[in-house]
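As C-alpha cells, the structure follows; a few thoughts come after it.
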Amino acid sequence: MALHTDLKIYKTGTRLVSLAFDVQKNMPRGYKRGIGEQITGHCTEMLVLMAQANASRGAERVACIRTLLERQHVTKILLRVCHDMRPQPLISTALWATSMELLDGIGKQGGGWLKSAKAPAA
C-alpha cells in the first residue's frame with residue numbers, strides 16, 4: 001500500500017491547502033475569519049480524509065471518499081462566492097482559476113477512487 005503522501009490526489013491537496021492560505025491572506029480583513037477560515041478548514045479536512053481513505057478499506061473507505069467529495073464541492077461553492085462578490089471580488093481571478101483546476105483534479109481523482117473502492121473484489 002502506498003503512503004498517502006505519495007498519492008497524486010494528496011499532492012494536489014497540499015497545493016490546494018497552500019493556495020487556500022494565500023486566498024485567506026489576500027482577502028479583505030472583514031472576510032478572513034469567516035469565509036477565509038471556512039475555505040482553509042475544508043481544504044485541510046480534505047487532506048485528512050485522503051489519508052484516512054488510503055488507510056481504510058470497504059465501507060469506511062467509501063465513507064471517507066464521499067465526505068472528501070462533499071468537502072470538495074462545498075469549497076468550490078465558497079470560492080465561487082468569493083470570486084463573484086460585487087463590486088469587488090474577494091479573490092483574484094488567477095487564484096480562483098488555479099483553485100478550480102486543483103479542485104477539479106481532486107474531484108476526478110476522488111471519483112475514480114470511489115469507483116475502484118466500490119468495485120467488487122476480483
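The values are calculated or read from the model by the stated rules, or taken from the named source; none is laboratory data. Nothing here was measured: the structure is a model prediction, and the numbers come from that model. Here Cβ is always computed from backbone atoms with ideal geometry, including for glycine, and neighbour counts include all displayed protein chains.
Structure above, values below:
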item: When residues of region 1-43 are limited to those that are among the small types (Gly, Ala, Ser) and surrounded by 19 or more Cβ atoms within 10 Å (Cβ to Cβ), the one nearest to MET85 (Cα to Cα); result: GLY36
item: Complete set of residues in region 78-114 that are in contact with a Ser or Thr (Cβ under 6 Å, 6 or more places away or on another chain) and under 15 Å from ILE35 (Cα atoms); result: LEU79
item: Top-ranked residue of region 50-91 - restricted to ones that are within 21 Å of LYS11 (Cβ to Cβ) and among the basic types (Lys, Arg), ranked as nearest to the chain's Cα centre (by Cα); result: ARG71
item: Single residue of region 69-94 satisfying the filter (of a type outside the set (S, T, N, Q), part of a loop (DSSP other than H, G, I, E, B) and out of contact with any Cys (no Cβ under 6 Å at 6 or more places or on another chain)) that is surrounded by the most Cβ atoms within 10 Å (Cβ to Cβ); result: PRO89
item: Filter pass, LEU68 being over 15 Å from GLY110 (Cα atoms) and either at pLDDT below 95 or touching a helix residue (DSSP H, G or I) at 6+ places or on another chain (Cβ under 7 Å) (or both); result: no
item: Residue count for region 48-63, restricted to those that are under 15 Å from LEU7 (Cα atoms) and surrounded by 16 or more Cβ atoms within 10 Å (Cβ to Cβ); result: 6
